[in-house]
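> My questions all concern the structure below.
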Amino acid sequence: MIHTGDITHLSKAEEFDNANHAISEAGLEVHYVPGEHDLIDEEMKLYRERYAKNAKGAGWYSFDSNGVHFIGLVNVMNLQAGKLGILGEDQLKWLQDDVAGRTVSTPIVVFAHIPLWTVYEQWGWGTEDGSRAISLLRKFGSVTVLNGHIHQVMQKIEGNVAFHTAMSTAFVQPAPGTAPSPGPLKVPDEKLRSLLGITDVNFVRGNQRLAIIDKPLQA
Amino acid sequence: MQRLRHTRRLRPCRAFLLAASFLGVTHVLGGAALAENPTVNIEDFAFSPPSLTVKIRTAVTWLNKDDIPHTVVSKTRMFKSKALDTGDSFSFTFNEAGTYEYFCSLHPHMMGTIVVESASRAAR
């Protein structure tokens, strides 16, 4: 399972404990990246201790599973006034090295908390240098970009890159520009669970044949 | 896209109107408009008022009225609150005249300004 961040509300130890208890019930191996809510304790100690012991920098890392290369990025650190999420030079350099030796047929799944593409600048829903990260991945035949933060589903495809945001399991947020702020949206109780959810990503091999016909000399 | 452009165009106008109305009040009332216990409310992912003028050696209090935690961090890191949960507040006393820009380090599109007037200007 991939958790795209905001495990907690206020980075408190008991909140991390509660989340861990609930998530562990799924019985799955879980890979995390931090959301801005997970890094608000002093020195960001709790997240690091629990989830980023073997990660680089502020918590970025990669791993391979079933032939897919997974990359977890951190874009909620050192946020600057008036700016969007940021990856930073160190992380981009690491990303470049991380994918350098891989064949372009390796499926890539990259995930971060804030959208790596600009969903809505006015609400800070994007990443300043997200396009630089994506450009490092464009050579690959299949790139899936996942994120949380905006608590609703949006998708787009650019060439071989599929962007997909996810619903939240916590609360609903409004569509861009439809409310005075991105604050929690009050929805009727009976509708709530239809607006919260998780995302499944399946590994699907392409099934298109090449338009080339081979004819043996003898049938 | 239509919506995006539309909103962008409106934004500066609205900011200007807010600023204008605020300046208008302080102008008319002079020093009397400088509240004794000035408070900036944090609501709807914004600092309200976005710009506040106070006398030197005044404590400004920020009060989070949102359901989401926010922080108050000066651009120069001169003051920095911890994360303010709903109903939490943070105060800082300004001992030097000047213009202080700040933002929320969790939602950096939220920005505000505190203008601190020197004693002589405030007494005018």
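> Starting from the Cα gyration tensor of the range A:39-166, take the square roots of the eigenvalues, sort them a ≥ b ≥ c, and report rounded, prolate or oblate (rounded when a/c is under 1.5, otherwise prolate if a/b is larger than b/c, else oblate).
In terms of gyration-tensor shape, oblate.
> Taking a threshold of 22 Å on the Cα-Cα distance, which of the pairs B:Lys55/B:Lys82; A:Lys53/B:Lys75; A:Lys53/A:Lys93; A:Lys186/B:Lys75; A:Lys93/A:Lys156; B:Lys55/B:Lys80 fall above it?
B:Lys55/B:Lys82; A:Lys53/B:Lys75; A:Lys186/B:Lys75; A:Lys93/A:Lys156
> Hey, got the average number of other protein chain Cβ atoms within 10 angstrom for residues in A:141-149?
Average per residue, whole number: 0.
> Let me know the volume per residue of the alpha-carbon convex hull for the range A:1-99, in Å³.
104
> Taking the range A:1-58, which trypsin sites (Lys or Arg not before Pro) meet the DSSP loop condition and have no more than 10 other C-beta atoms within 10 Å?
In loop regions of the range A:1-58 (DSSP not H, G, I, E or B), the sparsely surrounded trypsin sites (Lys or Arg not before Pro) are A:Lys53.
> Taking every residue in B:104-112, how many Cβ atoms of other protein chains lie within 10 Å of its Cβ, on average?
Counting other chains' Cβ atoms within 10 Å and averaging over B:104-112 gives 6.
> What is the distance in Å between the Cα centres of the range A:158-191 and the range A:71-120?
21
> Kindly provide the GluC sites (Glu not before Pro) of the range A:22-107 that DSSP labels as loop, not H, G, I, E or B, and whose Cβ sees at most 14 other Cβ atoms within 10 Å.
Within the range A:22-107, the qualifying GluC sites (Glu not before Pro) (loop, at most 14 other Cβ atoms within 10 Å) are A:Glu25, A:Glu29.
> Within 10 Å of each Cβ in A:81-87, how many Cβ atoms from other chains are there, averaged over the peptide?
4
> Restricting attention to the alpha-carbon atoms of chain A, what are Rg (one decimal) and Dmax (integer), both in Å?
Reported Rg and Dmax, both Å: 19.1, 75.
> Additional query: Could you give me the radius of gyration and the Dmax of the range B:34-123, taking only the C-alpha atoms into account and expressing both in angstrom?
Calculated on Cα positions, Rg and Dmax stand at 12.4, 40 Å.
> Show log10 I(q)/I(0) for the range A:118-203 at q = 0.12, 0.15 Å⁻¹, two decimals, from a solvent-free Debye sum over equal Cα scatterers.
-0.42, -0.64
> Okay, next question. So what are the three principal axis dimensions of the range A:171-219 from its Cα atoms, in whole Å, longest to shortest?
Over the range A:171-219, Cα extents along the principal axes are 71, 24, 14 Å.
> Here is a follow-up. Of the listed peptides A:152-159, A:206-213, what is their order by residue-averaged count of other C-beta atoms within 10 Å, with the highest listed first?
Listed from highest to lowest mean packing, they are A:152-159, A:206-213.
> Now for a separate question. By how many degrees, 0 to 90 and rounded to 10, does the Cα axis of helix A:13-24 deviate from the longest principal axis of chain A?
The answer is roughly 40 degrees.
> Enter the angle in degrees (range 0 to 90, nearest 10) between the Cα long axis of helix A:89-100 and the first principal axis of the Cα atoms of chain A, meaning the one along which they spread out most.
30
> Moving on to the next point. Hey, could you pull the Cα Rg and Dmax for the range A:57-117, both in Å?
When restricted to the Cα atoms of the range A:57-117, Rg and Dmax are 12.6, 41 Å.
Every number in this text was worked out from the coordinates using simple rules, so none of it is lab data. All figures in this text were calculated on a predicted structure; none of them were measured in a lab. Cβ: placed from backbone, ideal geometry, glycine included. Neighbour counts: every protein chain shown.
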